[in-house]
Amino acid sequence: MKPGTQLAVAAVVAVVTVSGAAVVLTKDRTTTIKRITDASAAAPGVAWSVDVSVSGLDGAVFADPRTGSMFSWGANSIRIDELLLTLAVVPDDLTTSNAVMLAIDADTGGVRWRAPAVDLAACAEEPLDGQLVCQVPSFGERPGLTTFDLETGTSRHFDTDPYLFATTVANGSLYLAEGSLEDADVRLHRGTLEDYDADWSVPLGVRGSWEEQYADQLKVGPETGHLDLTGSFTTFDAQTGTGLWSTDVLDDCVIAQYRTAGDLAVATNFDCDGSSSDVTGTTAYSGDGEVLATYEGPAEHYLAVDEPADASVPVVLGDTAFDRATGEELWSSELLVFDRPADEWNEARTVGTLTAVVDHIGIASCEQQTVGIDLHSGEQLWTSEDRIGSILARDGDAVLISKNGELSAVDVRTGTQLWSAEFSNMLAEESTSMDTYVDGGDGTYFLQTGSALARLDPLPG
């Protein structure tokens, strides 16, 4: 039994819905923050913990609604106000054979409702008209959209074009991409659940292959949106759908990496002349698609957290920092790259060391050490003679880290460990893994693995 409050189901009410049956459960109002055994004094305690067994599915694991129930890509939840929305799926060899959507009260850990959720490719993080919006892809039993009422779990189905592959909600509207990615014959729509192209339907210059996961790659802000696939960036006007700029791997030999502050897009360049796929450099594109800065070299950075204070913080490509507005080269540091020697499994390789950007501080880590760097100046702020571990989340001036079966918080300004606690003492029979996620802030965190979900809160006093 997990530490924390054990859920007590006092009543079960069946609610018949359009596309399935939702079960609404009573909320558990008992929330007692319990100290974690052997944790450091400043560590939070466990407010509540729930096991995946509350799903009612034998052999289930938690899964992320952002990537859907058809394939298990790792555990996580979507938080909407006081609800944590998560999936429980029963994996088989390739896909999932059964799945339910769970709405868990973020304050108490009580299960508000659960509803059948088979064949979902992805769910939008923002609700629409009080509904969680999820998509069913062309290879699902009934392609289109499935929604879940946030209050009751009642589900409905809406038909769309059968070749739907990406959906999101933004600006009070539904955005939907459909068509043939391989033929670059794609349309972008904006509308409502009842009429998905009520506002407009426009062509979108994007290309990709069906072998990859695109369901959650459509992102839309107040002014612009983007659909970034492995081989390309595509940016469009959020109000009209008009394409603004794009790259194409077939022409530019780039791999889209990520978007960052200053309306920049960062891509890896590779050698596409012949059969080689070796990385040759990194490019940052400005908001209008023009090349802002380029670094020539094989070092790539993979950022677990990318949260610069503002656009005055330089962007780092390879071993060099560039001004986000002008592309001016500001400084370089050998701390940002590492020549990894060959071993029995890998060839010798030059890699990037930057793993997080928090405010104006970068954290760079390799096998021998971890350093904090002032990104404005390139000054080394602190050094730890150890690899920092896997950075899971940020909380103010701290990052939350998973390492050696522990969850800890490290001050990015000094490198000082603020607190630590063993996973096994928070979640019985659980340890950290690639499927461990942390969300939250201000000392309150939601910790989720494949088999458990818990809330951590500061201890009283």
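The values are calculated or read from the model by the stated rules, or taken from the named source; none is laboratory data. These numbers come from a predicted model, not from an experiment. Counting neighbours? That spans all protein chains shown, and the Cβs are built from the backbone with ideal geometry, glycine included.
Of all residues in the range 121-144, at least one satisfies being free of Cβ contacts under 8 Å to residues at least 12 places away in the same chain and of a type outside the set (K, R). As for the range 194-213, it holds at least one residue that is touching a helix residue (DSSP H, G or I) at 6+ places or on another chain (Cβ under 8 Å) and either more than 28 Å from E82 (Cβ to Cβ) or in contact (Cβ under 8 Å) with a residue 12 or more places away in the chain (or both).
Of all the numbered requirements in (1) loosely packed, with under 15 Cβ neighbours inside 10 Å; (2) touching a strand residue (DSSP E or B) at 6+ places or on another chain (Cβ under 6 Å); (3) not acidic (D, E), V358 misses one, and that requirement is (1).
Going by the conditions given, is Y175 crowded, with 21+ Cβ neighbours inside 10 Å and outside any strand (DSSP E or B)? Answer is no for this residue. Pick from A342, A311, A356, A321: which is in a loop (DSSP other than H, G, I, E, B) and either touching a residue at least 40 places away in the same chain (Cβ under 8 Å) or within 15 Å of V266 (Cβ to Cβ) (or both)? Checking each option against the conditions leaves just A311.
I104 falls short on exactly one of the conditions (1) within 20 Å of the chain's Cα centre (by Cα); (2) closer than 25 Å to Q217 by Cβ; (3) outside any loop (DSSP other than H, G, I, E, B), and that condition is (2). Among the residues of the range 327-338, not a single one is in a loop (DSSP other than H, G, I, E, B), touching a residue at least 60 places away in the same chain (Cβ under 8 Å), on the phi > 0 side of the Ramachandran plot and not aromatic (F, W, Y). Report, by residue number, each residue of the range 179-193 that is at pLDDT 95 or above and in a loop (DSSP other than H, G, I, E, B). Result: T192, L193. Within the bounds of the range 71-92, is there any residue that is farther than 25 Å from V438 by Cα and either surrounded by fewer than 20 Cβ atoms within 10 Å (Cβ to Cβ) or touching a residue at least 60 places away in the same chain (Cβ under 8 Å) (or both)? Yes, the range 71-92 contains a residue that is farther than 25 Å from V438 by Cα and either surrounded by fewer than 20 Cβ atoms within 10 Å (Cβ to Cβ) or touching a residue at least 60 places away in the same chain (Cβ under 8 Å) (or both). Being closer than 17 Å to F236 by Cβ, in a loop (DSSP other than H, G, I, E, B) and either among the aliphatic types (A, V, I, L, M) or modelled with pLDDT of 95 or more (or both) holds for only one residue in V169, V206, and it is V206. Of the residues making up the range 287-315, those that are surrounded by 15 or more Cβ atoms within 10 Å (Cβ to Cβ) and of a type in the set (D, E, K, R) are E300, D306.
On the stretch given as the range 364-404, residues that are modelled with pLDDT of 95 or more, farther than 24 Å from A43 by Cβ and either in a strand (DSSP E or B) or in contact with a strand residue (DSSP E or B) (Cβ under 6 Å, 6 or more places away or on another chain) (or both) total 9. Applying the condition of being modelled with pLDDT under 90 and of a type in the set (V, I, T) to the range 22-66 and asking which residue is surrounded by the fewest Cβ atoms within 10 Å (Cβ to Cβ) yields T32. Could you check the range 115-157 and list, in sequence order, the residues that are in contact with an Asp or Glu (Cβ under 9 Å, 6 or more places away or on another chain), of a type in the set (D, E, K, R) and at pLDDT 95 or above? Residues satisfying the conditions are E125, R156.
From A256, A284, grab the single residue that is crowded, with 20+ Cβ neighbours inside 10 Å, in a strand (DSSP E or B) and at pLDDT 95 or above. On inspection, the qualifying residue turns out to be A284. Quick check: anything in the range 415-431 among the β-branched types (V, I, T) and surrounded by 16 or more Cβ atoms within 10 Å (Cβ to Cβ)? So far as the range 415-431 goes, no, none of its residues is among the β-branched types (V, I, T) and surrounded by 16 or more Cβ atoms within 10 Å (Cβ to Cβ).
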